[in-house]
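This report refers to the structure that appears directly beneath it.
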Amino acid sequence: MKGAKWFIFIGGGALFFSIVGAMIYFGYKTFYIEQERVEYPTYDYHFVLISEELDNDYWRLVEQGARRAAEEKNIFLEYVGPRKADNDQLLKRLDRMIATKVDGIIVQGVEGSEFEDLVFKGIENGIPIITIDTDVKTSMRSAYIGTNNYYAGQLAGEMLIKNTTGTQYVGIIMGRFDAINQQERVAGFKDAIAAVERIQIVGEKESNITQSGAAQATYALLKEHSRVTALVGLSALDGIGIVEGLQEFLPNREVYVSAFDLLPATTALIKDERIDGTVAQYPQEMGYESIYSMIELQQSELLEKEIYTPTRAIRKENIIEYGLDEHVKHD
Ligand code: BGC
């Protein structure tokens, strides 16, 4: 009897432990997820590019150029910006990026003391700041990379003088009244035509850097000044919007149209002879150069504070399908 008890006891124990063992084994197999070793890429620096408007085609070209340089030089690049152009939103992003202590900030310059104060704050925190596309000379930015906007405005003026005859009543459409690059372009344009009596400016409107805004501005100018014979757009989508506005409101009138930049739609309209000319900037090159300059700034001051990218007056006969490779060469 005693032997049978032992047998039950030992047998039961063995059974119990084998069940527990099996549970542990199969439980482990079922629920254990093998941890893969994740290799996080390491970057040399973390830079940020802040644009006037995140999804604007022109700024996407700036981003493209910057990304290419970032890949070449092992840089972690963040691209941020307001969804719709808005100085306060841009300044908020700049402030936030200073707080996150990135290695360098490339930002469109914004009018006003708030921008200057933030640039100062960045420098105090050891973060170099480069202005791109639009400069703020009164700030402590380490460098500016982009078009000489006054000169670009002059080019638009010279193009108008060269390609029109007789009295011209000009309507100007700018991206935004409070953008420094637009103010500089207007100043250059006005100085270029100042001595030419047959050319008169009749009005100025803003497009809010959108195509539909430029179409509406066209309508408003035509309504207020029925004599308009020339429309001059000063930001990237203005020429396209002017053509849209003319087609809708004055399809049969011959109006001289001058655009800015060479987005694909603008190129097509120049080929179609619906835009007479444009002032081309090189946004990809701006982005590309800004990364290389920012890398240099990590070690020393830049010798040149103002790095102007090319600007060209383009008409149908000298249209170019240009890309980044045309001008940029770095090792
Ligand atoms: C200007 C940019 C602007 C863009 C808008 C360009 O011509 O240089 O500052 O954001 O147009 O589409």
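Say each of E301 and K271 gets a label point 7 Å from the Cα, pointing the same way as Cα to Cβ; how far apart are those two points in nm?
4.8
Extending each Cα 7 Å along its Cβ direction at Q247 and D55, get the distance between those two points in nm, one decimal.
Those two pseudo-labels are separated by 2.1 nm.
Provide the packing ranking of 60-70, 114-124, 78-88, i.e. peptides ordered by the mean count of other C-beta atoms within 10 Å per residue, highest first.
By packing density, highest mean first, the sequence is 60-70, 114-124, 78-88.
What distance in nm separates the two pseudo spin-label positions at V196 and F76, each 7 Å out from Cα along the beta-carbon direction?
Distance between the two pseudo-spin positions: 5.2 nm.
If you bin the C-alpha pair distances of the range 149-260 every 5 Å from 0, what whole percents do you get?
2, 14, 26, 26, 20, 9, 2, 0
Nothing charged except the Cβ atoms of Lys and Arg (+1) and of Asp and Glu (-1): what's the magnitude of the dipole of the range 166-299 about its Cα centre? Round to the nearest 20 debye.
It comes to approximately 420 debye.
Convert each backbone phi in the range 229-236 into a coupling constant with the Karplus relation 6.51 cos²θ - 1.76 cosθ + 1.60 (shift: θ = phi - 60°), then list the ³J(HN,Hα) values in order as whole Hz, x for Gly and Pro.
So the Karplus estimates, Gly and Pro as x, are 10, 9, 10, 10, x, 10, 9, 4 Hz.
Can you put Y40, Y144, Y150 in order of accessible area, largest first, using a 1.4 Å probe?
The ordering from most to least exposed comes out as Y40, Y150, Y144.
For E204, what residues show an amide H to amide H distance below 5 Å, using hydrogens built from the backbone and excluding near sequence neighbours?
Hits under the 5 Å cutoff: I172.
Tabulate in residue order the Karplus-calculated ³J(HN,Hα) for the range 167-180, using 6.51 cos²θ - 1.76 cosθ + 1.60 with θ = phi - 60°, rounded to whole Hz; enter x for Gly and Pro.
Per-residue couplings from phi come out as 5, 10, 9, 9, x, 9, 10, 10, x, 9, 4, 9, 9, 4 Hz.
Which order do peptides 280-292, 98-110 fall in by mean Cβ count within 10 Å, highest first?
Order by mean packing, descending: 280-292, 98-110.
How high is the FRET efficiency between Y308 and A99 when r is their beta carbon distance and R₀ equals 25 Å, given to the nearest 0.05?
0.20
Can you spot the aspartates and glutamates whose alpha carbon is less than 14 Å from K101's alpha carbon? Ignore those fewer than 8 places along the same chain.
E78, E124
Using θ = phi - 60° and the Karplus curve 6.51 cos²θ - 1.76 cosθ + 1.60, what whole-Hz ³J(HN,Hα) does each residue of the range 192-203 get, with Gly and Pro shown as x?
Running phi through 6.51 cos²θ - 1.76 cosθ + 1.60 with θ = phi - 60° gives 5, 9, 3, 8, 9, 5, 6, 10, 10, 8, 9, x Hz.
What residue among V136, I173, V119 has its Cα farthest toward the positive end of the dipole of the range 111-176, where the charges are +1 on Lys, Arg and -1 on Asp, Glu, each on the Cβ?
Going by the Cα projections, it comes out as I173.
Collect residues whose amide H, placed 1.01 Å from N in the peptide plane, falls under 5 Å from the amide H of I199; neighbours closer than 5 in sequence don't count.
Answer set, sorted by chain and number: Q168.
Amide H neighbours of I132 under 5 Å, counting only residues 5+ apart in sequence or on other chains, H built in-plane at 1.01 Å?
Amide H neighbours of I132, under 5 Å, 5+ apart: V107, Q108, G109, I145.
In the range 280-318, which residues have a backbone nitrogen under 20 Å from the label point lying 7 Å from Y43's Cα in the Cα-to-Cβ direction?
Answer for the range 280-318: 284-300.
The values are calculated or read from the model by the stated rules, or taken from the named source; none is laboratory data. Remember, predicted model here, so these are calculated numbers, not experimental data. Reconstructed Cβ throughout: ideal geometry from the backbone, glycine too, with neighbour counts over all protein chains shown. Ligands, DNA and RNA are stripped out before the accessible areas are found, and what is left, the full protein with its side chains, is counted by its heavy atoms. Shrake-Rupley method; radii C 1.70, N 1.55, O 1.52, S 1.80 Å.
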